1. Going highest first, how would you order 230-236, 192-198 by mean Cβ packing within 10 Å?
2. Tell me, what is the per residue accessible area of segment 158-217 in Å², probe radius 1.4 Å?
3. Amide H of Met296 versus every other amide H placed in the peptide plane: which residues, excluding those fewer than 5 positions away on the same chain, fall under 5 Å?
4. Assign one of three labels to segment 264-358, namely rounded, prolate or oblate, based on the Cα gyration tensor with a ≥ b ≥ c the square roots of its eigenvalues; rounded applies when a/c is under 1.5, prolate when it is not and a/b is larger than b/c, and oblate otherwise.
5. Could you run the Karplus curve 6.51 cos²θ - 1.76 cosθ + 1.60 with θ = phi - 60° over segment 187-201 and give me ³J(HN,Hα) per residue in whole Hz, x for Gly and Pro?
6. Could you grab the relative contact order for segment 1-130? Cα pairs under 8 Å, six or more apart, rounded to a whole percent.
7. For segment 1-102, what is the accessible area per residue in Å², given a 1.4 Å probe and the full set of protein chains?
8. In whole Hz, what ³J(HN,Hα) sequence does segment 330-343 give by Karplus (6.51, -1.76, 1.60; θ = phi - 60°), x for Gly and Pro?
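The values are calculated or read from the model by the stated rules, or taken from the named source; none is laboratory data. None of the values given here were measured: they were computed from a predicted structure. When we count neighbours, we look across all protein chains shown, and the Cβ atoms used for this are built from the backbone with ideal geometry, even at glycine. The protein model used for the area step is the full one, side chains on, heavy atoms only, and it has no ligands, DNA or RNA in it. Shrake-Rupley method; radii C 1.70, N 1.55, O 1.52, S 1.80 Å.
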Amino acid sequence: MIKSDMELRKIVDKAMNEVKITDVHTHLYTPCFKDLLLWGIDELVTYHYLIAETFRWLDIPYEDFWNMDKESQSDLVWNKLFVENSPYSEACRGVLTVLNKLGLDIKKDGLPQYRKFFENKTVDEYVDMVFDMSGVKEVVMTNDPFDDAEREIWLNSYKEDERFKAALRIDPLLNGGEDVLRQLMDWGYDVDTELNEKTYGEIRRFLSEWVDRMDAVYMAVSLPPTFEFPEDSMRAKLIENCILPVCREYNIPFALMIGVKKLVNPDLKLAGDSVGKSSIEAVEYLCANYPHNKFMVTMLAKENQHELCVAARKFRNLLVFGCWWFLNNPSLIDEITRMRFELLGVSVVPQHSDARVLDQLIYKWAHSRKIIADVLYDKYKDLMATGWPLAEEDIVRDVEKLMSGNFWEFIEREL
Ligand code: FIX
Ligand code: ZN
(Lines give C-alpha, C1' and ligand atoms only; values in the text may rest on other atoms or scores of the structure.)
(Ligands and ions follow the chains in the order given, each with its own letter.)
Protein backbone atom coordinates (compact mmCIF):
# COMPACT_ATOMS: atom_id res chain seq x y z
CA MET A 1 0.00 0.00 0.00
CA ILE A 2 1.08 3.63 -0.60
CA LYS A 3 2.32 5.09 2.65
CA SER A 4 3.14 8.77 2.05
CA ASP A 5 2.17 11.83 -0.03
CA MET A 6 5.62 11.84 -1.60
CA GLU A 7 5.29 8.20 -2.67
CA LEU A 8 1.76 8.96 -3.96
CA ARG A 9 3.02 11.90 -6.03
CA LYS A 10 5.71 9.77 -7.65
CA ILE A 11 3.30 6.95 -8.47
CA VAL A 12 0.65 9.27 -9.97
CA ASP A 13 3.23 11.11 -12.09
CA LYS A 14 4.79 7.82 -13.27
CA ALA A 15 1.38 6.35 -14.21
CA MET A 16 0.32 9.52 -16.04
CA ASN A 17 3.65 9.89 -17.86
CA GLU A 18 3.73 6.25 -18.96
CA VAL A 19 0.10 5.74 -20.02
CA LYS A 20 -0.40 5.44 -23.78
CA ILE A 21 -3.21 7.81 -24.74
CA THR A 22 -6.22 7.44 -27.02
CA ASP A 23 -6.93 10.94 -28.32
CA VAL A 24 -10.66 10.75 -29.00
CA HIS A 25 -11.01 13.90 -31.14
CA THR A 26 -8.46 15.49 -33.48
CA HIS A 27 -8.26 17.06 -36.95
CA LEU A 28 -5.23 14.99 -37.90
CA TYR A 29 -5.03 12.66 -40.88
CA THR A 30 -2.99 9.66 -41.97
CA PRO A 31 -0.18 10.73 -44.34
CA CYS A 32 -2.12 9.35 -47.33
CA PHE A 33 -4.35 12.43 -47.01
CA LYS A 34 -1.27 14.44 -48.07
CA ASP A 35 -1.69 18.21 -47.46
CA LEU A 36 -4.69 17.64 -45.21
CA LEU A 37 -2.20 16.49 -42.55
CA LEU A 38 -0.65 19.69 -41.22
CA TRP A 39 2.79 19.60 -39.55
CA GLY A 40 5.94 21.69 -39.02
CA ILE A 41 6.79 25.07 -37.56
CA ASP A 42 4.85 27.37 -39.89
CA GLU A 43 1.65 25.34 -39.50
CA LEU A 44 2.18 25.40 -35.71
CA VAL A 45 2.66 29.17 -35.68
CA THR A 46 -0.31 29.88 -37.97
CA TYR A 47 -2.73 27.66 -35.98
CA HIS A 48 -6.02 29.51 -36.01
CA TYR A 49 -5.86 30.10 -32.24
CA LEU A 50 -2.67 32.16 -32.82
CA ILE A 51 -4.12 34.00 -35.81
CA ALA A 52 -7.02 35.20 -33.64
CA GLU A 53 -4.56 36.40 -30.99
CA THR A 54 -2.36 38.11 -33.62
CA PHE A 55 -5.19 40.12 -35.13
CA ARG A 56 -5.65 41.80 -31.76
CA TRP A 57 -2.35 43.62 -32.54
CA LEU A 58 -2.99 44.27 -36.26
CA ASP A 59 -4.70 47.18 -38.05
CA ILE A 60 -4.17 45.84 -41.57
CA PRO A 61 -7.23 44.67 -43.54
CA TYR A 62 -7.91 40.97 -42.87
CA GLU A 63 -7.50 40.20 -46.59
CA ASP A 64 -3.93 41.56 -46.53
CA PHE A 65 -3.05 38.85 -44.01
CA TRP A 66 -4.88 36.10 -45.87
CA ASN A 67 -3.15 37.09 -49.13
CA MET A 68 0.30 36.56 -47.57
CA ASP A 69 2.05 33.23 -48.13
CA LYS A 70 2.27 30.84 -45.17
CA GLU A 71 5.83 31.82 -44.20
CA SER A 72 5.02 35.56 -44.22
CA GLN A 73 1.92 34.91 -42.09
CA SER A 74 4.09 32.88 -39.72
CA ASP A 75 6.74 35.64 -39.54
CA LEU A 76 4.05 38.19 -38.66
CA VAL A 77 2.43 35.97 -36.00
CA TRP A 78 5.84 35.19 -34.49
CA ASN A 79 6.84 38.82 -34.38
CA LYS A 80 3.57 40.04 -32.83
CA LEU A 81 3.05 37.24 -30.29
CA PHE A 82 6.55 36.01 -29.50
CA VAL A 83 8.86 39.03 -30.03
CA GLU A 84 6.80 42.15 -29.33
CA ASN A 85 4.87 40.46 -26.49
CA SER A 86 5.59 37.62 -24.04
CA PRO A 87 4.14 34.34 -25.39
CA TYR A 88 2.41 33.15 -22.25
CA SER A 89 -1.02 32.48 -23.81
CA GLU A 90 -1.72 28.71 -23.90
CA ALA A 91 -1.51 28.54 -27.68
CA CYS A 92 1.82 30.43 -27.76
CA ARG A 93 3.25 28.43 -24.86
CA GLY A 94 2.26 25.28 -26.71
CA VAL A 95 4.45 26.13 -29.70
CA LEU A 96 7.41 26.64 -27.37
CA THR A 97 6.74 23.37 -25.52
CA VAL A 98 6.92 21.53 -28.86
CA LEU A 99 10.19 23.23 -29.84
CA ASN A 100 11.65 22.59 -26.39
CA LYS A 101 10.71 18.89 -26.45
CA LEU A 102 12.24 18.63 -29.94
CA GLY A 103 15.49 19.79 -28.32
CA LEU A 104 15.65 23.11 -30.16
CA ASP A 105 17.15 26.28 -28.73
CA ILE A 106 14.22 28.49 -27.64
CA LYS A 107 14.90 32.09 -28.66
CA LYS A 108 13.13 35.13 -30.13
CA ASP A 109 14.99 34.96 -33.45
CA GLY A 110 14.69 31.18 -33.72
CA LEU A 111 12.18 30.89 -36.56
CA PRO A 112 14.73 30.45 -39.42
CA GLN A 113 16.54 27.76 -37.38
CA TYR A 114 13.28 25.96 -36.62
CA ARG A 115 12.43 25.92 -40.33
CA LYS A 116 15.79 24.29 -41.02
CA PHE A 117 15.01 21.55 -38.47
CA PHE A 118 11.91 20.58 -40.41
CA GLU A 119 13.45 20.91 -43.90
CA ASN A 120 14.94 17.41 -43.95
CA LYS A 121 12.08 15.61 -42.18
CA THR A 122 9.73 13.28 -44.07
CA VAL A 123 6.11 13.17 -42.93
CA ASP A 124 6.30 9.45 -42.14
CA GLU A 125 9.34 9.76 -39.89
CA TYR A 126 7.85 12.82 -38.22
CA VAL A 127 4.55 11.02 -37.55
CA ASP A 128 6.53 8.25 -35.82
CA MET A 129 8.54 10.81 -33.84
CA VAL A 130 5.50 12.79 -32.66
CA PHE A 131 3.51 9.71 -31.60
CA ASP A 132 6.55 8.47 -29.73
CA MET A 133 7.29 11.81 -28.02
CA SER A 134 3.67 12.57 -27.12
CA GLY A 135 2.90 9.10 -25.74
CA VAL A 136 -0.25 8.97 -27.87
CA LYS A 137 -1.19 5.43 -28.91
CA GLU A 138 -3.87 6.41 -31.40
CA VAL A 139 -5.90 9.41 -32.51
CA VAL A 140 -9.44 9.69 -33.84
CA MET A 141 -9.63 11.83 -36.96
CA THR A 142 -12.49 14.10 -38.07
CA ASN A 143 -13.56 12.71 -41.43
CA ASP A 144 -15.95 14.65 -43.61
CA PRO A 145 -17.26 12.88 -46.76
CA PHE A 146 -18.61 16.27 -47.91
CA ASP A 147 -15.07 17.63 -48.18
CA ASP A 148 -14.12 17.14 -51.83
CA ALA A 149 -10.38 16.69 -51.23
CA GLU A 150 -10.92 14.21 -48.42
CA ARG A 151 -13.67 12.28 -50.20
CA GLU A 152 -11.42 11.79 -53.24
CA ILE A 153 -8.78 10.11 -51.09
CA TRP A 154 -11.27 7.87 -49.27
CA LEU A 155 -12.63 6.72 -52.64
CA ASN A 156 -9.33 6.22 -54.45
CA SER A 157 -6.16 6.12 -52.40
CA TYR A 158 -6.82 5.69 -48.68
CA LYS A 159 -4.10 3.74 -46.86
CA GLU A 160 -4.92 2.57 -43.35
CA ASP A 161 -2.60 3.35 -40.44
CA GLU A 162 -3.80 1.71 -37.22
CA ARG A 163 -2.73 4.77 -35.19
CA PHE A 164 -5.45 6.83 -36.94
CA LYS A 165 -9.10 5.86 -36.36
CA ALA A 166 -11.92 7.47 -38.31
CA ALA A 167 -14.96 9.38 -37.09
CA LEU A 168 -17.73 10.18 -39.55
CA ARG A 169 -18.38 13.92 -39.27
CA ILE A 170 -21.79 14.99 -40.57
CA ASP A 171 -22.08 18.74 -39.97
CA PRO A 172 -23.09 19.49 -43.61
CA LEU A 173 -25.89 16.89 -43.34
CA LEU A 174 -27.30 18.22 -40.06
CA ASN A 175 -26.47 21.90 -40.39
CA GLY A 176 -26.47 22.31 -44.16
CA GLY A 177 -30.18 22.62 -44.88
CA GLU A 178 -31.77 21.38 -48.10
CA ASP A 179 -28.67 21.92 -50.26
CA VAL A 180 -27.24 18.72 -48.82
CA LEU A 181 -30.16 16.76 -50.29
CA ARG A 182 -29.21 17.99 -53.74
CA GLN A 183 -25.60 17.00 -53.07
CA LEU A 184 -26.76 13.49 -52.16
CA MET A 185 -28.83 13.37 -55.36
CA ASP A 186 -25.70 14.29 -57.36
CA TRP A 187 -23.92 11.38 -55.72
CA GLY A 188 -26.67 9.01 -56.84
CA TYR A 189 -28.75 8.68 -53.69
CA ASP A 190 -32.44 8.54 -54.55
CA VAL A 191 -33.47 11.33 -52.13
CA ASP A 192 -36.25 13.87 -52.65
CA THR A 193 -35.99 17.55 -51.67
CA GLU A 194 -38.56 16.74 -49.02
CA LEU A 195 -38.10 14.47 -46.04
CA ASN A 196 -40.02 11.22 -46.43
CA GLU A 197 -39.42 7.52 -45.78
CA LYS A 198 -37.63 7.05 -49.11
CA THR A 199 -35.30 9.98 -48.39
CA TYR A 200 -34.65 8.77 -44.85
CA GLY A 201 -33.81 5.32 -46.20
CA GLU A 202 -31.34 6.70 -48.74
CA ILE A 203 -29.67 8.91 -46.12
CA ARG A 204 -29.32 5.85 -43.87
CA ARG A 205 -27.71 4.10 -46.86
CA PHE A 206 -25.30 7.03 -47.32
CA LEU A 207 -24.36 6.97 -43.64
CA SER A 208 -23.96 3.18 -43.56
CA GLU A 209 -21.73 3.19 -46.63
CA TRP A 210 -19.41 5.77 -45.05
CA VAL A 211 -19.36 4.08 -41.64
CA ASP A 212 -18.32 0.91 -43.45
CA ARG A 213 -15.80 2.64 -45.74
CA MET A 214 -14.15 4.48 -42.85
CA ASP A 215 -14.70 1.79 -40.23
CA ALA A 216 -15.84 4.80 -38.21
CA VAL A 217 -15.64 4.43 -34.43
CA TYR A 218 -18.32 7.07 -33.93
CA MET A 219 -20.44 9.61 -35.80
CA ALA A 220 -19.98 13.29 -34.82
CA VAL A 221 -21.48 16.70 -35.32
CA SER A 222 -20.81 20.17 -33.93
CA LEU A 223 -23.97 22.05 -33.02
CA PRO A 224 -24.93 25.67 -32.24
CA PRO A 225 -25.91 26.86 -28.74
CA THR A 226 -29.50 26.97 -30.07
CA PHE A 227 -29.55 23.20 -30.61
CA GLU A 228 -32.86 21.83 -29.40
CA PHE A 229 -34.19 18.30 -29.42
CA PRO A 230 -36.96 17.42 -30.01
CA GLU A 231 -37.89 20.18 -32.42
CA ASP A 232 -39.75 20.50 -35.72
CA SER A 233 -36.67 20.88 -37.90
CA MET A 234 -34.83 19.04 -40.66
CA ARG A 235 -31.91 18.49 -38.29
CA ALA A 236 -34.09 16.84 -35.62
CA LYS A 237 -35.88 14.67 -38.20
CA LEU A 238 -32.56 13.46 -39.65
CA ILE A 239 -31.20 12.72 -36.15
CA GLU A 240 -34.33 10.73 -35.27
CA ASN A 241 -34.83 8.89 -38.57
CA CYS A 242 -31.29 8.48 -39.87
CA ILE A 243 -28.41 9.15 -37.43
CA LEU A 244 -29.70 7.33 -34.36
CA PRO A 245 -30.94 4.21 -36.21
CA VAL A 246 -27.62 3.83 -38.07
CA CYS A 247 -25.55 4.45 -34.91
CA ARG A 248 -27.61 1.83 -33.09
CA GLU A 249 -27.33 -0.66 -35.96
CA TYR A 250 -23.52 -0.29 -35.90
CA ASN A 251 -23.46 0.11 -32.09
CA ILE A 252 -21.37 3.27 -32.42
CA PRO A 253 -21.80 6.46 -30.36
CA PHE A 254 -23.24 9.67 -31.68
CA ALA A 255 -20.84 12.44 -30.59
CA LEU A 256 -22.47 15.80 -29.95
CA MET A 257 -20.15 18.82 -29.76
CA ILE A 258 -22.47 21.59 -28.65
CA GLY A 259 -22.09 25.35 -28.31
CA VAL A 260 -20.30 26.69 -31.40
CA LYS A 261 -21.42 30.05 -32.75
CA LYS A 262 -20.03 29.77 -36.29
CA LEU A 263 -18.18 32.74 -37.80
CA VAL A 264 -19.15 35.55 -35.44
CA ASN A 265 -16.27 37.28 -37.22
CA PRO A 266 -16.18 35.80 -40.76
CA ASP A 267 -13.06 37.80 -41.62
CA LEU A 268 -11.12 35.53 -39.25
CA LYS A 269 -12.21 32.43 -41.23
CA LEU A 270 -11.53 29.27 -39.13
CA ALA A 271 -10.53 31.55 -36.24
CA GLY A 272 -13.88 33.35 -36.40
CA ASP A 273 -16.05 30.91 -34.42
CA SER A 274 -17.24 31.69 -30.92
CA VAL A 275 -19.10 30.09 -28.01
CA GLY A 276 -22.60 30.19 -26.54
CA LYS A 277 -24.35 28.54 -23.58
CA SER A 278 -26.42 25.59 -24.77
CA SER A 279 -29.41 23.56 -23.63
CA ILE A 280 -28.63 20.51 -21.52
CA GLU A 281 -32.30 19.54 -21.92
CA ALA A 282 -31.59 18.39 -25.50
CA VAL A 283 -28.86 16.07 -24.18
CA GLU A 284 -31.09 14.77 -21.38
CA TYR A 285 -33.97 14.13 -23.81
CA LEU A 286 -31.78 12.20 -26.25
CA CYS A 287 -30.19 10.06 -23.52
CA ALA A 288 -33.55 9.36 -21.84
CA ASN A 289 -35.52 8.59 -24.99
CA TYR A 290 -32.86 6.60 -26.84
CA PRO A 291 -31.49 4.37 -24.04
CA HIS A 292 -30.00 1.89 -26.55
CA ASN A 293 -28.03 4.63 -28.29
CA LYS A 294 -24.70 5.86 -26.93
CA PHE A 295 -23.88 9.58 -26.76
CA MET A 296 -20.46 11.15 -26.39
CA VAL A 297 -20.92 14.80 -25.44
CA THR A 298 -18.63 17.77 -25.06
CA MET A 299 -19.95 21.29 -24.57
CA LEU A 300 -18.08 24.46 -25.42
CA ALA A 301 -19.41 26.84 -22.75
CA LYS A 302 -17.85 26.78 -19.28
CA GLU A 303 -21.36 27.43 -17.95
CA ASN A 304 -22.57 24.07 -19.30
CA GLN A 305 -19.96 21.92 -17.59
CA HIS A 306 -21.64 21.32 -14.23
CA GLU A 307 -25.03 20.39 -15.69
CA LEU A 308 -23.30 18.11 -18.21
CA CYS A 309 -21.64 16.26 -15.34
CA VAL A 310 -24.98 15.92 -13.55
CA ALA A 311 -26.61 14.65 -16.75
CA ALA A 312 -23.88 11.99 -16.99
CA ARG A 313 -24.79 10.88 -13.45
CA LYS A 314 -28.32 10.24 -14.70
CA PHE A 315 -27.57 8.45 -17.96
CA ARG A 316 -25.15 5.55 -18.40
CA ASN A 317 -25.40 6.00 -22.18
CA LEU A 318 -23.75 9.43 -21.88
CA LEU A 319 -19.95 9.71 -21.95
CA VAL A 320 -18.55 13.17 -21.21
CA PHE A 321 -15.31 13.97 -23.03
CA GLY A 322 -12.67 16.69 -23.28
CA CYS A 323 -12.07 20.29 -22.32
CA TRP A 324 -12.94 21.56 -25.76
CA TRP A 325 -11.32 24.52 -27.61
CA PHE A 326 -11.82 27.65 -25.47
CA LEU A 327 -11.84 25.39 -22.38
CA ASN A 328 -8.49 23.81 -23.25
CA ASN A 329 -6.54 26.13 -20.94
CA PRO A 330 -4.78 25.12 -17.68
CA SER A 331 -7.08 27.04 -15.31
CA LEU A 332 -10.25 25.65 -16.91
CA ILE A 333 -8.94 22.10 -17.41
CA ASP A 334 -8.07 22.04 -13.71
CA GLU A 335 -11.47 23.36 -12.57
CA ILE A 336 -13.53 21.18 -14.92
CA THR A 337 -11.50 18.02 -14.27
CA ARG A 338 -11.78 18.49 -10.50
CA MET A 339 -15.57 18.82 -10.81
CA ARG A 340 -15.78 15.78 -13.12
CA PHE A 341 -13.70 13.55 -10.84
CA GLU A 342 -15.79 14.63 -7.83
CA LEU A 343 -19.10 13.99 -9.63
CA LEU A 344 -18.23 11.11 -11.97
CA GLY A 345 -15.21 9.41 -10.39
CA VAL A 346 -13.27 7.45 -13.02
CA SER A 347 -16.16 7.29 -15.56
CA VAL A 348 -15.17 10.14 -17.84
CA VAL A 349 -12.78 10.94 -20.72
CA PRO A 350 -11.10 14.01 -19.20
CA GLN A 351 -9.39 15.32 -22.31
CA HIS A 352 -8.96 15.28 -26.07
CA SER A 353 -6.42 17.38 -27.95
CA ASP A 354 -8.41 18.72 -30.93
CA ALA A 355 -4.99 18.88 -32.57
CA ARG A 356 -5.06 20.34 -36.08
CA VAL A 357 -1.28 20.25 -36.50
CA LEU A 358 0.50 16.93 -35.85
CA ASP A 359 3.18 18.52 -33.65
CA GLN A 360 0.47 19.78 -31.28
CA LEU A 361 0.07 16.28 -29.85
CA ILE A 362 3.37 16.92 -28.08
CA TYR A 363 2.28 20.03 -26.23
CA LYS A 364 -1.43 19.44 -25.79
CA TRP A 365 -0.78 16.15 -24.05
CA ALA A 366 2.31 17.29 -22.08
CA HIS A 367 0.25 20.16 -20.65
CA SER A 368 -2.87 18.09 -19.96
CA ARG A 369 -1.06 15.11 -18.42
CA LYS A 370 0.45 17.45 -15.80
CA ILE A 371 -2.90 19.07 -14.90
CA ILE A 372 -4.83 15.79 -14.75
CA ALA A 373 -2.03 14.26 -12.63
CA ASP A 374 -2.22 17.22 -10.21
CA VAL A 375 -5.99 16.78 -9.82
CA LEU A 376 -5.69 13.01 -9.43
CA TYR A 377 -2.99 13.43 -6.79
CA ASP A 378 -5.32 15.66 -4.74
CA LYS A 379 -8.21 13.19 -5.11
CA TYR A 380 -6.07 10.20 -4.12
CA LYS A 381 -4.63 12.19 -1.19
CA ASP A 382 -8.18 12.87 0.06
CA LEU A 383 -8.94 9.18 -0.45
CA MET A 384 -5.89 8.06 1.54
CA ALA A 385 -6.90 10.45 4.36
CA THR A 386 -10.01 8.27 4.91
CA GLY A 387 -7.73 5.30 5.57
CA TRP A 388 -8.48 3.76 2.15
CA PRO A 389 -5.70 1.25 1.34
CA LEU A 390 -4.54 2.62 -2.06
CA ALA A 391 -2.14 0.52 -4.16
CA GLU A 392 -0.04 1.53 -7.16
CA GLU A 393 -1.93 -0.91 -9.39
CA ASP A 394 -5.21 0.88 -8.54
CA ILE A 395 -3.76 4.14 -9.83
CA VAL A 396 -2.30 2.57 -12.97
CA ARG A 397 -5.70 0.95 -13.65
CA ASP A 398 -7.62 4.24 -13.17
CA VAL A 399 -5.22 6.26 -15.32
CA GLU A 400 -5.38 3.74 -18.17
CA LYS A 401 -9.19 3.95 -18.09
CA LEU A 402 -9.23 7.77 -18.03
CA MET A 403 -6.73 8.15 -20.86
CA SER A 404 -7.83 5.31 -23.14
CA GLY A 405 -9.84 2.39 -21.72
CA ASN A 406 -13.07 4.29 -20.91
CA PHE A 407 -13.40 5.35 -24.55
CA TRP A 408 -12.91 1.85 -25.97
CA GLU A 409 -15.16 0.30 -23.33
CA PHE A 410 -17.90 2.76 -24.32
CA ILE A 411 -17.36 1.99 -28.02
CA GLU A 412 -17.75 -1.76 -27.39
CA ARG A 413 -20.61 -1.45 -24.88
CA GLU A 414 -24.03 -2.85 -25.90
CA LEU A 415 -26.94 -1.08 -24.18
O1 FIX B 1 -15.94 21.42 -34.57
C2 FIX B 1 -14.80 21.09 -34.19
O3 FIX B 1 -14.33 19.94 -34.34
C4 FIX B 1 -13.91 22.16 -33.57
O5 FIX B 1 -13.00 21.54 -32.69
C6 FIX B 1 -13.14 22.89 -34.66
O7 FIX B 1 -14.05 23.36 -35.62
C8 FIX B 1 -12.32 24.06 -34.11
O9 FIX B 1 -11.87 24.85 -35.19
C10 FIX B 1 -11.10 23.58 -33.38
O11 FIX B 1 -10.19 23.06 -33.98
C12 FIX B 1 -11.07 23.77 -31.98
O13 FIX B 1 -10.10 23.38 -31.30
ZN1 ZN C 1 -12.45 19.72 -33.30
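1. Numbers: 230-236: 14.3, 192-198: 11.1.
Sorting 230-236, 192-198 by mean packing, highest first, produces 230-236, 192-198.
2. Here the residues of segment 158-217 average 48 Å² of exposed surface.
3. When sequence neighbours closer than 5 places are left aside, the close amide H contacts are Phe254, Ala255, Leu256, Leu319.
4. It comes out prolate by the Cα gyration axes.
5. Listing the rounded values in order: 7, x, 8, 7, 9, 9, 7, 10, 8, 8, 4, 5, 5, 4, x Hz.
6. 24 percent
7. Values: 4890 Å² over 102 residues.
Normalised by residue count, the accessible surface of segment 1-102 is 48 Å².
8. Each residue of segment 330-343 in turn: x, 5, 7, 4, 4, 4, 5, 5, 4, 5, 5, 5, 6, 9 Hz.
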